[in-house]
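Chemist: Before I ask anything, here is the structure I am working with.
The values are calculated or read from the model by the stated rules, or taken from the named source; none is laboratory data. It should be emphasised that the depicted structure is a prediction, and the values quoted were computed from it without experimental measurement. Backbone-built Cβ (ideal geometry, glycine too); neighbour counts: all protein chains shown. Surface areas here come from the heavy atoms of the whole protein model, side chains and all, with no ligands, DNA or RNA. Shrake-Rupley method; radii C 1.70, N 1.55, O 1.52, S 1.80 Å.
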Amino acid sequence: YMGKMNLLHISCDTGWANLARELVREGMQLSLRCPSLHMRPASLTPLMLAAGAGHIEVVSALLEAPSSLSSPSPVDTELRDSYGMTALFHTCNHGHHRVGDQHGYFRRLWSWDLSPTQLEAMEQVARDQALAIIKLLVIHGANLQERDKTGASLLTRAASVDNFGPVIEFLVEAGCRVTENVLNWVKVRNLGL
């Protein structure tokens, strides 16, 4: 579509789980990146799109894709976008301090047609599903200790999101290192922790 996304990218971005499952069964390449360099961040995979938008059924469909002898793991959870963020980072990249395109993060193809209320509702779905998606990604081998190109950890990104307490608590319990920067964000964005 317009040199940016194939049908799998679109179904992952939109949350069309049944179509994503069908495309996976048909053997579509699951780690194919969006070719557009104009998207912020660029080089997004279907898993990054689904995880960032909170589409847990789509994430499940991608992670449960059948493996083959040539590819024991059809989905690489550690692929990075142009900002150095993995799918886990996209799951925690929300709110006013979101890294990348502030307006096109949700519905990258047609976000200009959506009202602020619709975008806010989509943001809420993504936040509500974040913890379940993080747990699913970790079960499938995602590394909680990675850092993006700015040096920020997954916990730093999560701490900068308003009212993200359960996610932050899980990441700390899972072994993410608490730094001064994390504590500073928590004091401002997650006062209950």
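Chemist: How would ILE139, ILE168, ILE56 rank on accessible area, largest to smallest, probe 1.4 Å?
Modeler: Numbers: ILE139 130, ILE168 10, ILE56 50 Å².
So the residues, ranked largest to smallest area, are ILE139, ILE56, ILE168.
Chemist: Just by accessible area at a 1.4 angstrom probe, what is the order of GLU146, GLU123, GLU57 from largest to smallest? Mind showing how you got there, number by number?
Modeler: Numbers: GLU146 45, GLU123 25, GLU57 110 Å².
If we order GLU146, GLU123, GLU57 from most to least accessible, we get GLU57, GLU146, GLU123.
Chemist: Nearest 10 degrees is fine. How inclined is helix 180-189 to the longest principal axis of the chain, computing both from alpha carbons?
Modeler: 90 degrees
Chemist: Testing the spin-label approximation: label points 7 Å from Cα along Cα→Cβ at ALA174 and GLU22. State their distance in nm.
Modeler: According to this spin-label approximation, the distance is 3.2 nm.
Chemist: Then there's this: How about LYS4: which aspartates and glutamates have a C-alpha closer than 13 Å to its C-alpha, ignoring those fewer than 8 places off in the same chain?
Modeler: Leaving aside aspartates and glutamates fewer than 8 places away in the same chain, those within reach of LYS4 are ASP13.
Chemist: What translational D, rounded to a whole number of µm²/s, comes out for the chain from Stokes-Einstein when the hydrodynamic radius is the Kirkwood one over Cα pairs, at 20 °C and 1.002 mPa s?
Modeler: Working: Rh = 16.7 Å.
Stokes-Einstein gives a translational diffusion coefficient of 128 µm²/s.
Chemist: To continue, here is another question. Full extension from ASP76 to GLN124: what is 0.36 nm times the residue separation minus their Cα-Cα distance, to one decimal in nm? The partial results should precede the final answer.
Modeler: Numbers: separation 48, 0.36 × 48 = 17.28 nm, distance 2.65 nm.
Stretched fully, the ASP76-GLN124 segment lengthens by 14.6 nm.
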